[in-house]
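The values are calculated or read from the model by the stated rules, or taken from the named source; none is laboratory data. This is a predicted model, so every value here is computed, not measured. Cβ coordinates were reconstructed from backbone atoms using ideal geometry, including for glycine residues, and neighbour counts include every protein chain displayed. For the accessible areas, the whole protein counts, side chains as well, though only heavy atoms, and no ligand, DNA or RNA atoms are used. Shrake-Rupley method; radii C 1.70, N 1.55, O 1.52, S 1.80 Å.
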Amino acid sequence: QLTPSSFLRIGQLSNVDLNEDIHELETEVPRQRPNEIPHNEKLLSLKYESLDYDNSENQLFLEEERRINHTAFRTVEIKRWVICAMIGILTGLVACFIDIVVENLAGLKYRVVKDNIDKFTAKGGLSFSLLLWATLNASVVMVGSVIVAFIEPVAAGSGIPQIKCYLNGVKIPHVVRLKTLVIKVCGVILSVVGGLAVGKEGPMIHSGAVIAAGISQGRSTSLKRDFKIFEYFRRDTEKRDFVSAGAAAGVSAAFGAPVGGVLFSLEEGASFWNQFLTWRIFFASMISTFTLNSVLSVYHGNAWDLSSPGLINFGRFDTEKMGYTIQEIPIFIFMGVVGGILGALFNALNYWLTMFRIRYIHRPCLQVVEAMLVAAVTATVGFVMIYCSRDCQPIQGSSVAYPLQLFCADGEYNSMATAFFNTPEKSVVNLFHDPPGSYNPMTLGMFTLMYFFLACWTYGLTVSAGVFIPSLLIGAAWGRLFGISLSYLTKGSIWADPGKYALMGAAAQLGGIVRMTLSLTVIMMEATGNVTYGFPIMLVLMTAKIVGDYFVEGLYDMHIQLQSVPFLHWEAPVTSHSLTAREVMSTPVTCLRRIERVGTVVDILSDTSSNHNGFPVVESNPNTTQVAGLRGLILRSQLIVLLKHKVFVERANLSLVQRRLKLKDFRDAYPRFPPIQSIHVSQDERECMIDLSEFMNPSPYTVPQEASLPRVFKLFRALGLRHLVVVDNRNEVVGMVTRKDLARYRLGKEGLEELSLAQT
């Protein structure tokens, strides 16, 4: 029913990044947008490019590297440390900004609604209060959703899957731009204040990464400003290392857990790692926690008391009261199993929801409407739960920020309101630390059930929001419920303190959803300031991960797969030894001769059907017809710079070229190289020749065509390559392996399956 061309257009519209040229295409061709976008998870998208993590060692690069002496190298090393310190400071300041603004705005909203409810409880007509609460929520979320949907769609969600892809070597459009950072920060503030079931911790990781990418380049492409500093770092390899430092700084600012940040970057983020990096990243994380700590301490009025290390502080757990005994370990393991099952359920529900969203809710206006609907429903559910709850607790001796009296006696407050009528962070801390007997089991059960579905519905909306805090909150609620029921069963023995079980439940739930093990253990230990629980938390998380992986993969990996990103895991699929490079590679390959006509180069680059990014350079002997031996590899970006500067052989002979091209010319064009359409080449210039010998990489990595897929995969993945040339025994080019050729093969339920490639 759809012609192929219209299918292609649909695909272009459905993707996240609507480029400028597609916008033009939209205005020219008036056509009906489809109601359903066919989306299939067994696809790999061709719209994602790879990053060049492998330096092109051409003559220019070698000359520059040989010029660098020992002192210059020392300077570069010092610059790296300076950049890491700046990343830490700025990430800490951004976290402070988010925290202070959220605290004030949310406080204002809750005070208004509380006064309104108190007023109407006395004289009846509580539906007005509900209307006020829902309208406030929906309007705030509307603003937060509009800026994301219409200005920068990549800022939606927590941003962890995107950063994970970036560090893996996939270029996701606009992911580390300044505009994305601004939208992300504003969007997070608005969605948390709007009362959605979200946390502000996840997006801190994305924000840190954007800050790192921006600082390390020494210029901003969004602001069109170049500060002429840090020019040495303008290439993908260096940028990647700083981005992993930024992600770590984001985690440590969010949880006050510098070691956890480094481990998070190592476990979830970085696909490449070395020892020098570890120490630098740890430095950035420490600086970021310290900055946040000192600024918030000054803001709270006790300048010398560094007591708030992270955006969320779980509070201290006292070891005296809260030890654990050996017979509780099986209970903890059981909680891990429950967390794994609930996490798998959460992910499965979210998977179907996201598929539905990709198919039907792809227009920005629809996305905004959905976000407003979720906000209003969240407020309504909270209100109805508070209204129907008859769980009253005495006010004195409790630390509730906004106690709602409703139908309770004087001097009592509604305990359901402490869970719903609060920012999620505060609710988590309350569940951890409120004394036994603060919550009715019925209240906790209803809250867990409702919040589970709300959080699941909210993740994947077009707002910037994290999934960390909601998962912790769900887990803390059912963990506390579990602890209460245990003390019922054991007739109130001393060891069933509900706060301890709330902590284990929170760990189990979060581990079951995102499947982090090492970093999450350390983050929980650092955030609670207690090493005693290290072992039980580790057990709980291991169990949750094993159980969860049995059913469905982690939330972030699932979203990466749903976006059809060609993501390369650590190992090739287990059963892929039967495949060889000959079966995997792309053919035929567009080769260039070492001295090539300019017209040929322009035609190859302008050919939209192939759109290759790397071209093998072969020996040019015009008299023979056979394919000549491989001499090197040149990238599209390099060819474009050569054409832009008109580096032709004839002009060099006439000495029209003012100077030799330097590496700086290539760096100044990075990261957004101009498209070939913007470069004008006259008819006479098309007849000139262009000499590629000093710009091509003369030693590209090659594999023989008999190499097995795991071997090719290892080479490609470990070196972070973008192109791997396949040669036969005469060193003639027979094919090219790129990221898509390797990411196509995936282990499915029936064994090895091959995904199809699509333009969408």
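Miscellaneous remarks
- Rounded to the nearest 10 degrees, the inclination of helix 709-719 to the longest alpha-carbon principal axis of the chain is 80 degrees.
- Working note: 222 nm ellipticity from helices only, DSSP H runs with n ≥ 4, each -39,500 (n - 2.57), summed and divided by the residues of the chain, gives -18000 deg cm²/dmol to the nearest 500.
- Efficiency of FRET between ILE333 and CYS365 - r from beta-carbon atoms, R0 60 angstrom, step 0.05: 0.80
- The chain - percent relative contact order, Cα under 8 Å, separation 6 or more: 18
- Rounded tilt (10° steps) of 202-217 against the dominant C-alpha axis of the chain: 30
- Ligands, DNA and RNA aside, HIS577 has an accessible area near 130 Å² when probed at 1.4 Å.
- With contacts taken as Cα pairs under 8 Å at a separation of at least 6 residues, the stretch 581-757 carries a relative contact order of 31 percent.
- Within the straight-line cut-off of under 20 Å between alpha carbons, the lysines reachable from LYS491 are LYS321, LYS500, sequence neighbours fewer than 8 places apart in one chain being disregarded.
- Chymotrypsin sites (Phe, Trp or Tyr not before Pro) within the stretch 155-255: DSSP coil, no more than 14 neighbouring Cβ in 10 Å: PHE227
- As a length-normalised measure over Cα pairs under 8 Å and 6 or more apart, the relative contact order of the stretch 331-563 settles at 30 percent.
- The Kirkwood hydrodynamic radius of the chain, based on inverse pair distances between different Cα atoms, is 28.2 Å.
- Given R0 = 45 Å, the distance between the Cβ atoms of TRP279 and ILE151 translates into a calculated FRET efficiency of 0.75.
- Within a straight-line Cα-Cα reach of under 13 Å, LYS179 can be paired with the following aspartates and glutamates, leaving aside sequence neighbours fewer than 8 residues apart in one chain: GLU152.
- 16 Å reach of a label modelled at HIS300, 7 Å along Cα-to-Cβ, counting backbone N of the stretch 256-286: 256-257
- Gain on full stretching of the segment that runs from ALA718 to GLU63 - 0.36 nm per residue minus C-alpha separation: 233.2 nm
- Near-label residues of the stretch 719-749 by backbone N, under 17 Å of a point 7 Å along Cα→Cβ of LEU46: 736-745
- Spin-label model, LYS228 to LEU93: label points 7 Å out along the Cα-to-beta-carbon direction sit 2.3 nm apart.
- Rounded if a/c under 1.5, otherwise prolate or oblate - the stretch 65-156, Cα gyration tensor axes: oblate
- The chain: angle of helix 534-551 to the longest principal axis, Cα-based, in degrees nearest 10: 60
- Rolling a 1.4 Å probe across the protein heavy atoms gives the stretch 331-563 an accessible surface of 35 Å² per residue.
- On full extension, the segment bounded by THR517 and ARG730 gains 71.8 nm, given 0.36 nm per residue less the C-alpha separation.
- Using the Cβ-Cβ distance between SER485 and ASP115 with R0 = 35 Å, the FRET efficiency computed as 1/(1 + (r/R0)^6) comes to roughly 0.40.
- Total formal charge among the other residues, if their Cβ is under 9 angstrom from that of THR418, Lys/Arg +1 and Asp/Glu -1: 0
- The simple spin-label model puts a point 7 Å past each Cα toward its Cβ; for LEU752 and VAL649 those points are separated by 4.4 nm.
- Summed residue charge, Cβ within 12 Å of VAL641's Cβ, Lys/Arg positive, Asp/Glu negative: +4
- Note on the stretch 331-563: Cα convex hull, mean projected area over all directions, 13.3 nm².
- Subtracting the Cα-Cα distance of ASP691 and THR608 from 0.36 nm times their residue separation leaves 27.5 nm of extension gain.
- Taking GluC sites (Glu not before Pro) as exposed when their DSSP state is a loop state and no more than 10 other Cβ atoms lie within 10 Å, the longest site-free interval of the chain runs over 321-749.
- Ligands, DNA and RNA left out, the 1.4 Å accessible surface of the chain is 61% carbon and sulfur atoms.
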